[in-house]
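Q: Encoded as structure tokens, here's the structure I'll be asking about.
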Amino acid sequence: SSFLNYCLSTYMDDLLFSTFDKKHKYSLSDTSWYYFKKNNCVMMYGLWLRARILGLDYEKFLPQIKEWGHLVENIQLYDDLKDMSSDWNFQPNYPITLSYGYFREEYLWFVENMSKFKGCCTSAEVVDLSIAMPKTISHTMLMSRYMGETDLTWFTKFATNYCWNQNWNSAFLPLNGLKKTSSRILPEYLQQSDNQKVKNAVSPEINLVFSIMAKTSALFSEFDNKDFYFDYLLMLCLHERAFSRSFYTRTPIIDSYNLVFRFQFMSTGYKTRLLNRYMKMKCKAVSTIINQHNSVSQLLPDDLIDYICHNWIGIGNNKEITELTDNVALIEIRP
């Protein structure tokens, strides 16, 4: 009865909470405490009760009981991402709390465009939301990563990663990537080009990468460790059919396995190296975009252009390549 009484108390909390105004203005600590009582404690209480019913000494299983409570806590993060429009001004929500408290411009964008995301986000809306609110979404995913590294073991990390794949990162699966239709990410600056030869020279998956970078370049400056940005960039690119097919067919099978089953908790440096490796294979297309499309220089910050030159093309900032080779196209880098 104590378990049922506790669950009933959480429902009463929800009823009481529904009478409050401006729920989106709750602090991160308030939101965390709300879900700790509602998720972690309910899960741990339930497992404790199960151990009692089975005649087990629950004290021997306290680490596992706590761990599964943290698993539910981690799952709450992607649930909140998918339910932002439903939760707004109804109950606490981690991404809304983050955006209101730390990324106010993204919060204001969400309030203005909330009607576009009715109910649970679809796969295409996951991409749209991630591009429009990159700081909020990336930091919510980082919360998941830090929680997992602190509180989960390999098995519960595996289970949590599976849940994220099925609900937010479903495009990470190679099979899903091949079946998915193209998302609404469009390389607008390439569409505006009059140079048909250049259009044909650049592959659609590389167009996609630059299009996303142009839309999310503000996030690049957000992190001192740039691996966090390219981790996020890879996550978005893998939602696109053409990129997913091209990337997985050029990635060693062990790395593809890790991306599918460990993506949420993989090292950001590992994922960045895989992306850099792939982009080096496409360096001719990369250098064509940098060289021929002046709008790229205007859309991307200087330090991001420098990173591309060093890590995707393999030249320094002040160098010029004047001969077209098998690996690198004609390119002129800004002084």
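Q: Taking the number of other C-beta atoms within 10 Å as the exposure measure, put Cys237, Cys121 in order starting with the fewest.
A: Numbers: Cys237 25, Cys121 22.
In order of increasing Cβ crowding within 10 Å: Cys121, Cys237.
Q: Would you mind checking the pairs Lys135/Lys157; Lys118/Lys282; Lys82/Lys157; Lys38/Lys157; Lys66/Lys215 and listing those with alpha carbons more than 31 angstrom apart?
A: Numbers: Lys135/Lys157 24 Å; Lys118/Lys282 38 Å; Lys82/Lys157 20 Å; Lys38/Lys157 21 Å; Lys66/Lys215 40 Å.
Check vs 31 Å cut-off fails for Lys118/Lys282; Lys66/Lys215.
Q: Going by how many other beta carbons lie within 10 Å of each one, how would you line up Met43, Met133, fewest first? Could the numbers behind the result be given before it?
A: Values: Met43 19, Met133 25.
Neighbour counts put them in this order, fewest first: Met43, Met133.
Q: Under the Karplus relation 6.51 cos²θ - 1.76 cosθ + 1.60, θ = phi - 60°, what is the ordered set of whole-Hz ³J(HN,Hα) values for region 278-289, x standing for Gly and Pro?
A: 5, 5, 5, 5, 10, 4, 5, 5, 4, 5, 5, 5
Q: Could you derive backbone 3J(HN,Hα) for region 307-313 from the dihedral phi with the Karplus parameters 6.51, -1.76 and 1.60 (θ = phi - 60°), listing whole Hz in sequence and x where the residue is Gly or Pro?
A: With the stated coefficients, region 307-313 comes to 4, 4, 4, 6, 9, 10, 10 Hz.
Q: Can you sort Ile75, Ile53 from fewest to most other Cβ atoms within 10 Å of each residue's own Cβ? Could the numbers behind the result be given before it?
A: Working: Ile75 17, Ile53 8.
Fewest-to-most ranking of Ile75, Ile53: Ile53, Ile75.
Q: Shifting gears a bit: Report the Cα centroid-to-centroid distance between region 108-156 and region 26-93 in angstrom, as an integer.
A: 18 Å
Q: How large is ³J(HN,Hα), in whole Hz, for each residue of region 62-68 in order, when computed from phi with the Karplus curve 6.51 cos²θ - 1.76 cosθ + 1.60 and θ = phi - 60°, using x for Gly and Pro?
A: Running phi through 6.51 cos²θ - 1.76 cosθ + 1.60 with θ = phi - 60° gives 4, x, 5, 5, 5, 4, 6 Hz.
Q: Gain in length, Glu112 to Trp88, computed as 0.36 nm per residue apart minus the alpha-carbon separation, to one decimal in nm?
A: Details: separation 24, 0.36 × 24 = 8.64 nm, distance 1.22 nm.
Additional length available on full extension: 7.4 nm.
We did not get these values from a lab; they are worked out from the coordinates using the rules stated. This structure is a prediction, so every number in the text was calculated from the model and none was measured. Virtual Cβ from ideal backbone geometry, glycine too; neighbours counted across all protein chains shown.
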